Structures are given as C-alpha cells and as structure tokens.
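Every number here is computed from the coordinates shown, using simple stated rules; none is lab data. Predicted model, so just to flag it, every value in this text is computed and none were measured. Note that each Cβ is placed from the backbone with ideal geometry, even for glycine, and that neighbours are counted across all protein chains shown.
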Amino acid sequence: MKTLLKKIRSFFPLLPNIISVFFSKPETENYPFEKTHIPARYRGRVNIREHNCVGCSLCVLDCPASALEMEKKSKNQFRLLHYRDRCTYCGQCEQSCRFDAIFMDNDYIKPADDKQDFFVVLVNRDES
C-alpha cells in the first residue's frame, strides 16, 4: 500500500505537463503534405559550377569524410566524383575552393534505395 502511495505521489508533479500536452498543437510537421521551412544557412546538396572548376583537388584534400574523389588523366582531363553516402555535409569543400566552383544549396537530398544513386559525377571534363 505504501509503495502504491509513493507511485501516485511521484505522478502529481508530472500532471501539469501531461495535461498541457493533451491541449497543445503537435510539435511535428506534416512534411510530405505541407512544405516545411528550410533555414537560409541549411547545407543541403553539393553542387558545382563546372566552368569554374580547374581540377586543383583542394576540395578533395580538405574533405574530412573522403566524400570527394578526383580522377585525373591529364591537366585538362579529369572527373570529380561525390559519394553522398560518405558526405557529412560540413561545407569544408565549399570553403576550401578558391575558384568558387563548389557550393552547397539548401535543397533536400532525395532518399535513395539503390547504391548507384549515392554516387554523383560533379565534373566530367574531357580534353579540350
């Protein structure tokens, strides 16, 4: 009987919180059906201005997650690859690019169920 009274007594301090939850709006968003607010500084998808990229590999060297890879055949022939599954979206690649080629926009990244969708070729530059 005493343990039951102790349990009931411990319930009383929580009672105002429980009542307020029943009469308040939900904290979650109805995402697929309503557009959600995205903050201006949200770091989403990694994009590139391909004409600005010179293949210097600074973004690849500074990436802490090894999410960027440069395949160079010559000075003017290279491919810049982005592995979305490795990326932490920290923005280090954007800060290290001296040519303003790589940037992050505030778009959501679509989910994928195929491993091939996590691999993106950002730049594919052939000999020109």
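Of interest is the spacing of the C-alpha centroids, which for region 1-44 and region 101-126 amounts to 36 Å. Roughly what angle does helix 2-11 make with the longest principal axis of the chain, taking Cα atoms, 0 to 90 degrees, to the nearest 10? Helix 2-11 sits at roughly 50 degrees to that axis. How much mean residue ellipticity at 222 nm does the chain get from its helices, if each DSSP H run of length 4 or more adds -39500 (n - 2.57) and you divide by all residues, to the nearest 500 deg cm²/dmol? Result for the chain: -5500 deg cm²/dmol, rounded to the nearest 500.
Take every Cα pair under 8 Å whose residues are at least 6 apart in sequence, average their separation, divide by the length of the chain, and the relative contact order is 30 percent. Select from D85, D100, D113 the residue whose mean-square fluctuation is largest in a Gaussian network model of the chain (Cα-Cα springs shorter than 10 Å). With Cα springs under 10 Å in the chain, the top fluctuation among D85, D100, D113 is at D113. Please name which of M70, F99, P13 has its Cα lying farthest along the dipole of the chain towards the positive end, using unit charges on Cβ (Lys, Arg +1; Asp, Glu -1) and the Cα centre as origin. Farthest towards the positive end: P13. Note on region 26-128: Rg/Rh from Cα positions, Kirkwood definition for Rh, rounded to two decimals, is 1.04. Taking Cα centre as origin and charging only the Cβ of basic (Lys, Arg, +1) and acidic (Asp, Glu, -1) residues, the dipole magnitude of the chain rounds to 840 debye.
Taking Cβ separations below 4.7 Å as the criterion for a possible disulfide partner, the isolated cysteines in the chain are C53, C56, C63, C87, C90, C97. For the chain, the number of Lys pairs with C-alpha atoms closer than 27 Å, counting only pairs eight or more positions apart or on separate chains, is 4.
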